[in-house]
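Novice: This structure is in structure tokens; I'll ask about it shortly.
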Amino acid sequence: MLVEARRLYADYRHVGTVPRDLHRALSIKALEFIVVNGETKSGLTSRADWDSYFMQIAQVVASRATCDRKHVGALLVRDRIILSTGYNGSIRGMPHCDEVGHMMENGHCVATIHAEANAVLQAARNGVRIEGADLYTTASPCWPCFKMIANAGIKRIVYGEFYRDERIFEVARKIGILLVDLSPLPADAKHTA
């Protein structure tokens, strides 16, 4: 069963999107395999898989966000090492929109820089190479952030909820960026690419 789940996961990697139920199934089956075959130490089954671990950190990063309309956090990770973090917030040195009000355009606050952009900018400020890294973000990237992420050389985006722009799925598939959806599975529907 574990071998079959891994084969399906590899097949989906080539398509460009791994459905969240397959991603979770692989993690669960891996834990079941380890436990069934007695290759575990006490408590291993409660240990978070890497994607869940980094997504939980992204959620903590999101708690620093300064736009009260949506708190988003992002991490850039390569080889299981955090390279940079970012959250949505105002331009450095400007007042926060949750303190002075929002600058609204087309129903969106444009006073903030998005979490993904801030993670990329933070890496650039510190001279950190991010090509080939994974991006963990609590919400899927908007179209402008997705284009920036693609040109920065990010190869994998793991997101915690879908956020407004379907174009990312088709383009990710065309250019070889893997999208992994970790959003909670609703009882009646799920988002698929």
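Novice: GluC sites (Glu not before Pro) within the range 102-193: which are DSSP loop residues with at most 16 other Cβ atoms inside 10 Å?
Specialist: Counting only loop positions with at most 16 other Cβ atoms within 10 Å, the GluC sites (Glu not before Pro) in the range 102-193 are Glu131, Glu161, Glu166.
Novice: Keeping all protein chains in place and using 1.4 angstrom, which order do Asp98, Asp68 fall into by accessible surface area, from largest down?
Specialist: Order by accessible area, largest first: Asp68, Asp98.
Novice: If each of Ser46 and Ala124 carries a label point 7 Å out from its Cα toward its Cβ, how far apart are those two points in nm?
Specialist: Computed distance between label sites Ser46 and Ala124 equals 4.3 nm.
Novice: Right, here's the next one. Please compute the modelled spin-label separation between Gln59 and Val100, points set 7 Å along Cα→Cβ, answer in nm with one decimal.
Specialist: About 3.3 nm separates the two model spin labels.
Novice: Related question: Residue by residue through the range 105-117, what is 3J(HN,Hα) from phi via Karplus (6.51 cos²θ - 1.76 cosθ + 1.60, θ = phi - 60°)? Round to whole Hz and write x for glycine and proline.
Specialist: With the stated coefficients, the range 105-117 comes to 9, 6, x, 10, 7, 10, 7, 9, 9, 5, 4, 4, 5 Hz.
Novice: How high is the relative contact order of the range 119-191, in percent, with contacts defined as C-alpha pairs under 8 Å that are six or more residues apart?
Specialist: Reported relative contact order: 29 percent.
The values are calculated or read from the model by the stated rules, or taken from the named source; none is laboratory data. Predicted model, so just to flag it, every value in this text is computed and none were measured. Positions of Cβ are backbone-derived with ideal geometry, glycine not excepted, and every protein chain shown enters the neighbour counts. Side chains included, ligands, DNA and RNA excluded: accessible areas come from the protein's heavy atoms. Shrake-Rupley method; radii C 1.70, N 1.55, O 1.52, S 1.80 Å.
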